[in-house]
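Below is one structure, written out as structure tokens, with a few remarks after it.
Only the coordinates and a few stated rules stand behind these numbers; no lab work does. For clarity, every value in this text was computed on a predicted model and none was experimentally measured. FYI the Cβ positions are ideal-geometry reconstructions off the backbone, even for glycines, and counts take in every protein chain you see.
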Amino acid sequence: RPAGLAPLQAHSEQTYIMVKPDGVQRGLVGEIISRFEKKGFTLKGLQMCICDKAKAEEHYRDLEGKPFFPNLVDYICSGPVVCMVWEGTDVVKAGRNLIGVTNPTDAAPGTIRGDFGVEVGRNLVHGSDSVENGEREISLWFGGTDTVEWEPTMTPWIKELS
Ligand code: UDP
Ligand code: MG
């Protein structure tokens with residue numbers, strides 16, 4: 001901790017971020033990780049897998065019944081995905097800001113979807129929409145165990161609060 005700076009209480013939380021199959025195929029894994037790293041968030045879990053249908057349906061269970069649901073499940077299962085846990089101050093909301101709104105057409109330039117996507121059914125990346133859903137998704141994809149407890153030494157230079 002920098003000299004003379006007292007530790008204060010921060011609102012730290014975790015979110016589940018996943019590079020979808022199109023993001024992996026297009027070689028955007030590094031770019032997406034880099035945006036979260038440069039923003040100042042901390043990577044706490046990372047793994048690659050190919051999602052099966054049951055897991056995709058569970059992940060998106062709130063959207064069951066939507067007309068796009070079958071295509072969404074097929075899309076998520078269509079190739080490898082990169083699963084991540086990111087931690088930091090208000091990371092759920094800030095992570096969604098980095099990602100951009102659902103439809104890449106409407107997503108602002110400077111966001112991941114705004115910079116790299118063109119269609120809603122190929123929008124490159126997932127981010128949890130609430131702390132509660134983040135916890136649910138992290139336990140679904142990481143089984144609550146495969147994350148790492150560590151703290152970067154530069155944290156006090158990114159966060160006033162810790
Ligand atoms: N989706 C789609 N068509 C739609 C709405 C959503 O294909 O009209 C897909 C898209 O991949 C989106 C995912 O379903 O990312 C989940 O939808 P949600 O509304 O949760 O959007 P997100 O939270 O990913 O922005
Ligand atoms: Mg969502």
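Roughly how compact is the range 65-154, stated as its Cα Rg over 2.2 N^0.38 Å to two decimals?
1.20
Return one number: the angle in degrees, 0 to 90 and rounded to the nearest 10, between the long axis of the Cα atoms of helix 131-142 and the longest principal axis of the Cα atoms of the chain.
For 131-142 against the chain, the angle is about 70 degrees.
Nearest 5 is fine: what % of DSSP beta bridges in the range 13-157 come out antiparallel, could you say?
The antiparallel proportion sits near 95 percent.
Where nothing but the Cβ of Lys and Arg (+1) and of Asp and Glu (-1) is charged, how large is the charge dipole of the chain around its Cα centre, in debye to the nearest 20?
About 360 debye.
For LEU161, project a label point 7 Å along Cα to C-beta. Then give me every residue of the range 68-107 with its amide nitrogen under 15 Å of that point.
Answer for this model: 88-94.
Give the whole-number value, in cubic angstrom per residue, of the convex hull volume spanned by the C-alpha atoms of the chain.
Roughly 110 Å³ of hull volume per residue.
Can you work out the FRET efficiency for the pair ASP115 and LYS93, with r the C-beta to C-beta distance and R0 = 22 Å, to the nearest 0.05?
Between ASP115 and LYS93 the formula returns 0.65.
Report the FRET efficiency, 1/(1 + (r/R0)^6), for SER12 and ASP52, where r is their Cβ-Cβ distance and R0 is 25 Å, rounded to 0.05.
Efficiency computed from Cβ-Cβ geometry: 0.20.
What lysines could a cross-link reach from LYS53, if we take a straight Cα to Cα line under 23 Å and drop same-chain neighbours fewer than 8 places away?
Straight-line reach from LYS53, under 23 Å: LYS20, LYS66.
If you add up the charges near ASP106, with Lys and Arg at +1 and Asp and Glu at -1, over every other residue whose beta carbon is less than 15 angstrom from its beta carbon, what do you get?
So the surrounding residues net to +1.
Straight-line reach from LYS159: which lysines have Cα under 21 Å away, leaving out those fewer than 8 places along the same chain?
The qualifying lysines are LYS38, LYS39, LYS44, LYS93.
Could you tell me the calculated FRET efficiency between ALA3 and TRP150, based on Cβ-Cβ distance and R0 = 25 angstrom, to the nearest 0.05?
Once the sixth-power term is evaluated, E becomes 0.60.
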